[in-house]
Amino acid sequence: MSALKNIKFILLLSIILTGVMYLYLFSRGVVSVENIIVEARSRQMWAAKSTPTKDKDFVVIGDSRIYRGVDTEIISSYLDMNGMNLGFSSAGMSSPLFDLAESFLRSNGERIIIIGLTANSLTEESAKNLHLKEWTLKPTIDRFAILCCESFMILTGPKLFELNNGDKNYLQTYHLNGFVASDYQVRNSREAIKSYKETFEKNHISGHVIEGLLDRIKKWKNEKIEVYFFVPPISKDLWDVEEKQTGFYSSNIFKLLSDAGAMQIPVEGEWTSYDGSHLTAGDAVRLSRVLAEAVGRRSKETMTSK
């Protein structure tokens, strides 16, 4: 009986001490509920977009300009379709990304892949798709655990003590459809220039990567998958840097994709970037509407011609 009382006392004492510890951490601002929610939502988003569902009508693939620039919910609402944003950091146009896109699409009916094409996505380094692999190679059970109870795991694990207040200038809202609405409180449209200059000094557009992309587009077309591509807008200063170092915007790459069977969606006009490379949340909404309208028009034309 005394042993049972001791166990109860120890459990009660543990609960009290744990409560005191959390109260101290929250009151001192060491961690916050907001930080826990944001971190959990972020990890749940990455887990969701790396766990194939085989139920999507369309997917949008590309790098961070895509996951910060395209809200598939807007496209879904406009087209009455189910979609997913499969953008990953520094993603490249290679098999890991292509295979993931295929694994999300349903097996029949109208199926669409929208490619967000950037100069960086055509380099050998990006083609390694390291960020994508970091998530897709996690055991399935781990990804499901993140999806269902990540907040609890953060609250009760060592990661709690790794959280800090982060960059307060960076505003990010994570969505389970793969989109991150992003902005800076104080914008700096030249911020990304230095990192991209350094990137393209070491990495160049690869003919091998382009060939792989063209081959996959042809495969998709043979499988009756509609393929579109667009170039996400960036600041004029960064555009100049990328064009000077890669020749991307004046190359024949776009013609090659069109000849392979992909339809280009023009993205014109003035756009606002918070760092030079990524669109503000408001302009991400605009871009999503441009994509939705273009796909919608094409779908109507296709149905009319049948």
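Here are the numbers for the structure shown:
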| read-out | value |
| --- | --- |
| Given (1) buried (at least 19 other Cβ atoms within 10 Å of the Cβ); (2) under 17 Å from the mean Cα position of the chain (by Cα), number of the condition Thr123 does not satisfy | (2) |
| Scope the stretch 257-268; condition in contact (Cβ under 8 Å) with a residue 12 or more places away in the chain and open to solvent by 60 Å² or more (accessible area, probe 1.4 Å); matching residues | Met263, Gln264, Pro266 |
| Which listed residue, of Leu171, Leu155, Leu147, is modelled with pLDDT under 95, open to solvent by less than 80 Å² (accessible area, probe 1.4 Å) and farther than 25 Å from Val60 by Cβ | Leu155 |
| Residue among Ala294, Ala284 that is touching a strand residue (DSSP E or B) at 6+ places or on another chain (Cβ under 8 Å), modelled with pLDDT of 95 or more and buried (at least 21 other Cβ atoms within 10 Å of the Cβ) | Ala284 |
| Residue match in the stretch 236-244 (condition: closer than 26 Å to Ser273 by Cβ, crowded, with 19+ Cβ neighbours inside 10 Å and charged (D, E, K, R)) | yes |
| Residue match in the stretch 181-197 (condition: over 16 Å from Ser121 (Cβ atoms), part of a helix (DSSP H, G or I), modelled with pLDDT of 95 or more and open to solvent by 30 Å² or more (accessible area, probe 1.4 Å)) | yes |
| Criterion (more than 24 Å from the chain's Cα centre (by Cα), open to solvent by less than 40 Å² (accessible area, probe 1.4 Å), on the phi > 0 side of the Ramachandran plot and at pLDDT 95 or above) met by exactly one of Gly276, Gly247 | Gly247 |
| Index of the failed condition, Gly269 passing every other in (1) more than 26 Å from Phe104 (Cβ to Cβ); (2) within 23 Å of the chain's Cα centre (by Cα); (3) not in a helix (DSSP H, G or I) | (2) |
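The values are calculated or read from the model by the stated rules, or taken from the named source; none is laboratory data. Not measured: the values here are computed from a predicted model. For neighbour counting, all protein chains shown are included, and Cβ atoms are generated from backbone atoms with ideal geometry for every residue, glycine included. These area figures cover heavy atoms from the full protein model, side chains too; ligands, DNA and RNA do not enter into them. Shrake-Rupley method; radii C 1.70, N 1.55, O 1.52, S 1.80 Å.
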